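Okay, so here's the structure we're looking at.
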Amino acid sequence: LLDGRTLTYIHVGEKNGQRLPAYHRLDVAATRRFETATLFYELNVSLFNAYGRNNIWYRQFDLSEVPMLVTDITTLGFTPSIGLRVGLR
């Protein structure tokens with residue numbers, strides 16, 4: 001500055017000027033139904049993000065560090081689940 005002080009600032013690019021890496025995942029699910037005289041059962045098995053890709057959900061910027069600290073926040077990795085539904089026929 002004109003009075004001899006220095007001022008630290010962060011220059012940001014244009015809005016939406018950068019992109020995150022491509023996001024993709026494979027989800028797989030299967031359901032099997034069983035029946036008795038009075039009840040039915042549905043067994044469900046699913047695999048979320050079957051090949052375990054660490055997709056970036058968003059980026060977090062810590063401006064208190066010099067240089068600025070950028071942290072990638074990722075989505076869930078491989079997540080299996082199983083469920084059972086029971087009902088009356």
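Nothing in this text is a laboratory measurement; each read-out follows from the coordinates by a stated rule. A quick note: this is a predicted structure, and the numbers were derived from the prediction, not measured. Reconstructed Cβ throughout: ideal geometry from the backbone, glycine too, with neighbour counts over all protein chains shown.
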Among the residues that make up the stretch 3-12, is at least one of them surrounded by fewer than 10 Cβ atoms within 10 Å (Cβ to Cβ) and in contact with a strand residue (DSSP E or B) (Cβ under 6 Å, 6 or more places away or on another chain)? no
If you take the residues in the stretch 1-35 that are more than 20 Å from the chain's Cα centre (by Cα) and not in a loop (DSSP other than H, G, I, E, B), which one is nearest to Pro67 (Cα to Cα)? Ala30
Neighbours by Cβ (under 8 Å, 6+ apart or cross-chain): first from the stretch 13-41, on the phi < 0 side of the Ramachandran plot and among the β-branched types (Val, Ile, Thr); second surrounded by 10 or more Cβ atoms within 10 Å (Cβ to Cβ) and assigned to a loop (DSSP other than H, G, I, E, B): Val28/Ala50
Just need a number here: residues in the stretch 36-89 that are surrounded by 13 or more Cβ atoms within 10 Å (Cβ to Cβ), assigned to a strand (DSSP E or B), under 21 Å from the mean Cα position of the chain (by Cα) and among the charged types (D, E, K, R). 1
Output the residue which, of all residues in the stretch 36-89 that are out of contact with any Leu (no Cβ under 6 Å at 6 or more places or on another chain) and among the acidic types (Asp, Glu), is farthest from Tyr23 (Cα to Cα). Glu42
